[in-house]
Amino acid sequence: MLSTGTVQTSENKPTIHSDNTQLTFEGLSTKFTQPSDLIATPLTLNSGEREAKRKEIKAYFNHTYDSYEALFETLACDQAFYERACSLRHPLIFYFGHTATFFTNKLVLAKLLPHRINPKIESMCAIGVDEMSWDDLNDAHYDWPSVDEVREYRDDVRQAVNQLIDEVEFNTPIDWQSPMWPIIMGIEHERIHLETSSVLIRQLPIHLVKNSPLFAVCPEHGDAPENELLEVPAGTVEINHQDPSEQYGWDNEYGEHSAEVEAFKAGRYLVSNQEYLAFVEDGGYENPEYWDEEGNAWREFTPDKHPTFWVKRDDKWWLRTMTEEITMPWNWPAEVNCLEANAFCNWKSKQAGLPIRLPSEDEYLRLRDHSHALDFIEQANVNLQKFASSCPVNQSKTGDFYDVIGNVWQWTSTPIYPFDGFKVHPLYDDFTMPTFDNKHNIFKGGSWISTGNEINPHSRYAFRRHFFQHAGFRYIESESEVKTQYSTYETDQLVSQYCEFHYGKNYFGVENFAKTYAQHAIEVAKKDKDLAVKTDLRVLEVGCSVGRSCFELANHFDSVTGLDFSARFIQIANQMKEADSVLYSIPVEGEIMEFKEQKLSQLQLSQYADRCTFFQQDATNMKPHFTGYDMVVAVNLIDRLYDPAKFLTDIHNRINENGILMISSPYTWLEEHTEKSNWLGGYKDAKSGENVTTLEGLEDLLSEHFEMMKAPYEIPFVIRETKRKYQHSLSEVTFWKKRSNN
């Protein structure tokens, strides 16, 4: 059961006492004293009286917050927060601050918080969780805050969220539109990072971690049972998961899906360390025959020729758990990435002369239904209700099978894809969309530390195939083909609309807007006496959308950096850079769609595409290393920012002396994007009653550091909505020269 949470202050932060044999924790707001205190009861969202639900949410939030902080008490010293446990991830100080930053960013975006709490930490700890092409993992770019600074920040966020939970008006059931939804989103996001951070802790050097009585390791070791293949009869998988639902869900869980699954055989047990050892000892890591192209690239990259959590010392195998190395428990599940699991299956198939492979997502769901595993979830090794580690593969039985749920995640052969009816939540558009790339495989079932939404029957999580989690696998025998490639046609309406706007054809004789304004920027740069003689020109475009203008700017500038708040837009820009093409669908009328493909090379823009880099970024809170540019371009941006003045008063810090700022906007001020008090113009002055234009607002904010270079003028643009509906607008362009310091 959950304990009632209270707000932490700097005076009652957790303290730790160690005598090298036992740790005790004091000061945690939930007073965790034993592992069972970490067990969480999921929230029910579609029933219950409002004030009772408010109390449940508050308790769930504080329990989640305390659980996450308790996890970091396994770090032995402050140095552990700054060590890169994995070369593809930030150090743990990022993740310690990230979950609190997520609360702040989403609640500001939802207009539930009036302002940021700590812009510096929130800029540094906002983006860079998954290994995406727009991640920036250059340590030189980060002046990380101290552990105490992050703890203080977390306390401030805790207090703000508790106050919001007490005060926010909402109704039940709680759905996507509820003001309580972004709060629960932050809670479930932190529960995800409870698990992913535990994986990083597990990858730290052993001297940087220490045992905790709250995270007890399973003491049961032994020989593994011999695995065998058991029949799973054919059946149907039916999913129709809609909002509102019983429990919180991420966007990819919603929609409709049905599949007829042919009969197959599945392993009674997860593959154990002992079963996997045969593959290792048979030279499986040295033989490229068992690995596909992606797997061989990883196999040649990694120095380990065995699972990454295995340690060999004095000809004896040990297993690295989260905080210690133990004698190899051969009857625990082998923990590997998806590439290793696939290679094992190929080896096993050759050894047995059978069609052995990983199950698809649908086959896993069919096994789960057949074994009635959901009826036994309280006996599974999930939710920290047993151990803070794996346990023997023959402990949790469901029907004739074991560990259908829990112990470790189970890799499938299915890349994550959207169900019919998929849509993104406007407050978190980059949760799943960037993973619809056929490079992120789904795993199912949860691990010993999976909690909250992760153990919801509808949950769908996917990781890069070379990434490590607390994940293993179960193999199946089947002749059926499994789908491993899904159409990547962009079907999100807004993204598709902007793909057409940037890369599609011209309408009503109006030239392509992104191409046109980029050409205007280039012409101004060419004619400017300071920039015309300069080499290695650098340009930053803030609000680059899906990237066409950046590729155009690369025809003149030596380095082009494109930023956009939308991960979906950045994904398209990167896709154009790396794959040269994008597929998308646009509406003709009603449900009738037109499918299109656009290629960068056909637009004669691929020659200098390597000059462009794209990053997801909040324009009003950019990371400090985005500086030193000769020109900054911000088109159709300022009237979509929640605080445009903050962007404009900071932008001079990003531009070199004598550099140029290009601002262009139709000045379409809407309260859904910008509170009226933050509009730069388009209103009557409260004191004088006079009209205030946006141009006047720009002059007022920019005049201290810039002077206008030329008279404002307009560029038209047309956005297609359907075959017979278009937006025709005019964007006013201004160029500003940064004043010399002399």
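All of the numbers you see were taken from the coordinates with simple rules; none came from a lab. Quick caveat: nothing in here was measured; it's all calculated off a predicted structure. Glycine also receives a Cβ, built like all others from the backbone with ideal geometry; neighbour counts cover every protein chain displayed.
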_With the alpha-carbon atoms as the only input, what is the per residue convex hull volume for segment 144-283 in Å³?_
245 Å³
*Give the relative contact order (percent, whole number) for the chain; include only Cα pairs under 8 Å separated by 6+ residues.*
11 percent
*Using r as the Cβ-Cβ distance of Lys534 and Asn741, and R0 as 22 Å, what FRET efficiency do you calculate, to the nearest 0.05?*
0.85
*For a paramagnetic label modelled at 7 Å from the Cα of Glu704 toward its Cβ, which residues of segment 628-647 fall within the zone defined by backbone nitrogen distances under 11 Å?*
none
*Kirkwood hydrodynamic radius (Cα pairs, Å) of the chain?*
27.8 Å
*With Cα atoms, 0 to 90° folded angle of helix 361-371 axis to the chain main axis*: 40 degrees
*Folded to 0 to 90 degrees: helix 513-527 orientation relative to the chain principal axis, Cα*: 60 degrees
*May I ask for the angle, rounded to the nearest 10°, between helix 567-579 and the longest principal axis of the chain, with both axes built from Cα atoms and the value confined to 0 to 90°?*
90 degrees
*Give me the distance in nm between label points sitting 7 Å out from Cα along the Cα-to-Cβ direction at Ser677 and Leu374, one decimal.*
4.7 nm
*Got a sec? How would Glu671, Glu378, Glu246 order by Cβ neighbour count within 10 Å, fewest to most?*
Glu378, Glu671, Glu246
_With n ≥ 4 as the cut-off for DSSP H runs, can you work out [θ] at 222 nm for the chain, using -39500 (n - 2.57) per run divided by the number of residues, rounded to the nearest 500?_
-8500 deg cm²/dmol
*With the Cα gyration tensor of segment 473-601 giving a ≥ b ≥ c as the square roots of its eigenvalues, does the rule (a/c under 1.5 for rounded; else a/b larger than b/c for prolate; else oblate) give rounded, prolate or oblate?*
oblate
_the chain: antiparallel DSSP beta bridges as a percent of all, rounded to 5_ = 75 percent
*Let me know the shape class of segment 163-243, please: from the alpha-carbon gyration tensor, a ≥ b ≥ c as square roots of the eigenvalues, rounded when a/c is under 1.5, otherwise prolate if a/b is greater than b/c, or oblate.*
oblate
*For Ala579 and Lys725, FRET efficiency with R0 = 35 Å and r from the beta-carbon atoms, rounded to 0.05?*
0.70
*Taking segment 643-738 as the region of interest, what is the percent of Cα-Cα pairs per 10 angstrom bin, listed from the shortest bin to the one with the maximum distance?*
14, 39, 33, 12, 2
*asked:* Just to verify a number: FRET efficiency for Ala297 and His458, C-beta to C-beta distance, R0 = 45 Å, to 0.05?
replied: 0.85
*What is the extension gain from Lys316 to Gln163, computed as 0.36 nm multiplied by their sequence separation minus the C-alpha to C-alpha distance, in nm to one decimal?*
49.7 nm
*How far, in nm, would the chain grow between Lys599 and His115 when pulled straight, counting 0.36 nm per residue and subtracting the alpha carbon separation?*
170.1 nm
*At 0.36 nm per residue, minus the direct Cα-Cα distance, what do Glu324 and Glu286 gain on full extension? Give it in nm, one decimal, please.*
10.8 nm
*Each label point is 7 Å from the Cα along the Cα-to-Cβ direction; what then is the distance between the points at Thr44 and Ser688, in nm?*
6.1 nm
*asked:* I'm a student and want to see the number: the projected area of the Cα convex hull of segment 438-518, averaged over all directions, in nm².
replied: 10.0 nm²
*When a footprinting reagent is the concern and you count Cβ atoms within 10 Å, what order do Met709, Met180, Met328 take, fewest first?*
Met709, Met328, Met180
*Starting from the Cα gyration tensor of segment 590-696, take the square roots of the eigenvalues, sort them a ≥ b ≥ c, and report rounded, prolate or oblate (rounded when a/c is under 1.5, otherwise prolate if a/b is larger than b/c, else oblate).*
oblate
